[in-house]
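Working notes, beginning with the structure itself.
Derivation of every value follows stated rules applied to the coordinates shown; laboratory data play no part. Since this is a predicted model, take the numbers as computed values, not measurements. Cβ placement follows ideal geometry from the backbone for every residue including glycine, while neighbour counts extend to all protein chains displayed.
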């Protein structure tokens, strides 16, 4: 499952990594991250954790 996380001045890649860690998603352990200027695309087989992280983002 792949979900996009929008990035802004306040929501950076570093903040996203901390947020994903809080939801037990660790790069490169159980998720993959592709970063674009406006969004980060996160892929993981842990769909429930990924969906919960996106909802909370």
Worksheet item: Could the peptides 41-53, 6-18 be put in order, highest first, of the mean number of other beta-carbon atoms found within 10 Å of their residues?
Response: 41-53, 6-18
Worksheet item: Can you pull the percent of Cα pairs in the chain with separation above 18 Å?
Response: 18 percent
Item to complete: Describe numerically, in nm with one decimal, the distance between label points set 7 Å from Cα along Cα→Cβ at residue 11 and at residue 51.
Response: 1.9 nm
Item to complete: Multiply the residue separation of residue 41 and residue 2 by 0.36 nm, subtract the distance between their alpha-carbon atoms, and state the gained length in nm to one decimal.
Response: 13.4 nm
Worksheet item: What percent does the relative contact order of the chain come to when contacts are Cα pairs within less than 8 Å and at least six residues apart?
Response: 47 percent
